[in-house]
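A.B. asks: I have a structure I would like to understand better, so I am pasting it below and will then ask my questions one at a time.
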Amino acid sequence: DQQVKQNSPSLSVQEGRISILNCDYTNSMFDYFLWYKKYPAEGPTFLISISSIKDKNEDGRFTVFLNKSAKHLSLHIVPSQPGDSAVYFCAAKIGGATNKLIFGTGTLLAVQP
Amino acid sequence: ETGVTQTPRHLVMGMTNKKSLKCEQHLGHNAMYWYKQSAKKPLELMFVYNFKEQTENNSVPSRFSPECPNSSHLFLHLHTLQPEDSALYLCASSQRLGGGDQPQHFGDGTRLSIL
């Protein structure tokens, strides 16, 4: 049973427009949510995170929104750039003295020039 | 970022071989992790080490044997693997456990193929 789901395997966006990547979760005990970006033949790179007590976190072109009642989070990239083309993983951390992350299956973002 | 280095990048081995994967982090972190990523599946946590002590074994078969001699190095010893163990094995590190504001930093992984 997947606790973190990314239902869109892929997304295509025009350069300069907004990219919205979505993630749903089922476990109310998650206390942090993270987004990672992965280029081919490289490991995942941390992008941005949000605590479960917040509803928005922004870092430059990247904003993560958290809707706890819907158990849904989204990553907004604006404006999108061709270099943003990668696989984006949503991950959730279980609360407590652990750093165990539960990952989604990823969404492949293609930003068209 | 080359803060976490994994070797080898690719490994092909038979089911009766014994091999080891190596991970080294240069970030001064205290926690290290092994993950497995199979095709079409999410990353799965295998082991967690904190200050060289194993704190988590996520029901991993004994044919995978981790070793953490110090906070900077992590090994995954492999023996008598099965074809379904073919996957990308990723190492990660973080400053400490328990902090969601302390993200894990990943290496580029070892692509393992079992013949």
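The values are calculated or read from the model by the stated rules, or taken from the named source; none is laboratory data. Predicted, not measured: the structure shown is a model, and the values here were computed from it. Reconstructed Cβ throughout: ideal geometry from the backbone, glycine too, with neighbour counts over all protein chains shown. Accessible surface areas use protein heavy atoms only, side chains included; no ligands, DNA or RNA. Shrake-Rupley method; radii C 1.70, N 1.55, O 1.52, S 1.80 Å.
A.B. asks: Got a number for residues in the stretch B:6-37 being small (Gly, Ala, Ser) and within 11 Å of chain A (Cβ to nearest Cβ)?
C.D. replies: Residues meeting the conditions: 1.
A.B. asks: Among the candidates A:TYR36, A:TYR88, A:TYR25, single out the residue that is modelled with pLDDT of 95 or more and farther than 26 Å from B:GLY3 by Cβ. Walk me through it before giving the result.
C.D. replies: Details: A:TYR36 fails: farther than 26 Å from B:GLY3 by Cβ; A:TYR88 fails: farther than 26 Å from B:GLY3 by Cβ.
Just one listed residue meets the conditions, A:TYR25.
A.B. asks: Would you say A:LYS54 is basic (Lys, Arg) and modelled with pLDDT under 95? Give the steps one after another, and end with the answer.
C.D. replies: Working: basic (Lys, Arg): yes; modelled with pLDDT under 95: no.
Spelling it out, it is not the case that A:LYS54 is basic (Lys, Arg) and modelled with pLDDT under 95.
A.B. asks: Moving on to the next point. Check every one of the strands (runs of 3 or more DSSP E) wholly within the stretch A:25-113 and list those with 1 or more residues that are of a type in the set (A, V, I, L, M, F, W, C).
C.D. replies: A:30-38, A:45-51, A:62-67, A:72-77, A:86-94, A:101-103, A:107-112
A.B. asks: Mind checking which pairs have a first residue in the stretch B:40-63 that is under 17 Å from A:ILE102 (Cβ atoms) and of a type in the set (Phe, Trp, Tyr) and a second that is open to solvent by less than 50 Å² (accessible area, probe 1.4 Å) and part of a loop (DSSP other than H, G, I, E, B), Cβ under 9 Å, 6 or more apart or different chains?
C.D. replies: Cβ pairs passing all conditions: B:PHE47/B:VAL60.
A.B. asks: Right, another one. Considering A:PHE65, A:PHE46, A:PHE30, which residue is of a type in the set (Phe, Trp, Tyr) and open to solvent by 70 Å² or more (accessible area, probe 1.4 Å)?
C.D. replies: Residue meeting the stated conditions: A:PHE65.
A.B. asks: What are the residues in the stretch A:2-24 that are part of a loop (DSSP other than H, G, I, E, B) and closer than 17 Å to A:HIS72 by Cα, if any?
C.D. replies: Within the stretch A:2-24, the subset part of a loop (DSSP other than H, G, I, E, B) is A:2-3, A:6-9, A:15-18.
Answer for the stretch A:2-24, where residues must be part of a loop (DSSP other than H, G, I, E, B) and closer than 17 Å to A:HIS72 by Cα: A:GLN2, A:GLN3, A:GLN6, A:ASN7, A:SER8, A:PRO9.
A.B. asks: Just for the stretch B:21-57: of the residues that are open to solvent by 60 Å² or more (accessible area, probe 1.4 Å) and in contact with a strand residue (DSSP E or B) (Cβ under 7 Å, 6 or more places away or on another chain), which one is nearest to A:GLN6 (Cα to Cα)? Let's see the steps before the verdict.
C.D. replies: Initial filter on the stretch B:21-57 (open to solvent by 60 Å² or more (accessible area, probe 1.4 Å)): B:22, B:26-27, B:39-41, B:44, B:51-55, B:57.
Then drop every residue that is not in contact with a strand residue (DSSP E or B) (Cβ under 7 Å, 6 or more places away or on another chain), which leaves B:22, B:27, B:44, B:52, B:54-55, B:57.
On the way: B:LYS22: 31, B:LEU27: 30, B:GLU44: 15, B:LYS52: 34, B:GLN54: 30, B:THR55: 28, B:ASN57: 26 Å.
It comes out as B:GLU44.
A.B. asks: Looking at the stretch B:52-67, can you tell me whether even one residue there is under 24 Å from A:LYS38 (Cβ atoms), more than 9 Å from chain A (Cβ to nearest Cβ) and among the β-branched types (Val, Ile, Thr)?
C.D. replies: Initial filter on the stretch B:52-67 (under 24 Å from A:LYS38 (Cβ atoms)): B:56, B:58, B:60, B:64, B:66.
Next cut, more than 9 Å from chain A (Cβ to nearest Cβ) only: B:60, B:64, B:66.
So of that shortlist, the ones also among the β-branched types (Val, Ile, Thr) come out as B:60.
Looking through the stretch B:52-67, at least one residue is under 24 Å from A:LYS38 (Cβ atoms), more than 9 Å from chain A (Cβ to nearest Cβ) and among the β-branched types (Val, Ile, Thr).
A.B. asks: Return a yes/no flag: does the stretch A:85-100 have any residue that is away from every other protein chain (no Cβ under 14 Å) and buried (at least 22 other Cβ atoms within 10 Å of the Cβ). Step through it out loud before you land on a result.
C.D. replies: Looking only at the stretch A:85-100, we keep the residues that are away from every other protein chain (no Cβ under 14 Å), and these are A:85.
Right, trim to buried (at least 22 other Cβ atoms within 10 Å of the Cβ) and you get none.
For the stretch A:85-100, residues away from every other protein chain (no Cβ under 14 Å) and buried (at least 22 other Cβ atoms within 10 Å of the Cβ): absent.
A.B. asks: Still on this structure: B:LYS18 versus (1) closer than 16 Å to B:THR110 by Cα; (2) open to solvent by less than 60 Å² (accessible area, probe 1.4 Å); (3) of a type in the set (D, E, K, R): which is the lone unmet condition?
C.D. replies: The single condition B:LYS18 does not satisfy is (2).
A.B. asks: Looking only at the stretch B:79-104, which residues are more than 11 Å from the chain's Cα centre (by Cα), open to solvent by less than 50 Å² (accessible area, probe 1.4 Å) and either small (Gly, Ala, Ser) or within 14 Å of chain A (Cβ to nearest Cβ) (or both)?
C.D. replies: Kept after step one, since they are more than 11 Å from the chain's Cα centre (by Cα), are these residues of the stretch B:79-104: B:79-87, B:94-104.
Still in the running and open to solvent by less than 50 Å² (accessible area, probe 1.4 Å): B:81, B:85-87, B:94, B:97-100, B:103-104.
Within the stretch B:79-104, B:SER86, B:ALA87, B:SER94, B:LEU97, B:GLY98, B:GLY99, B:GLY100, B:PRO103, B:GLN104 meet the criteria.
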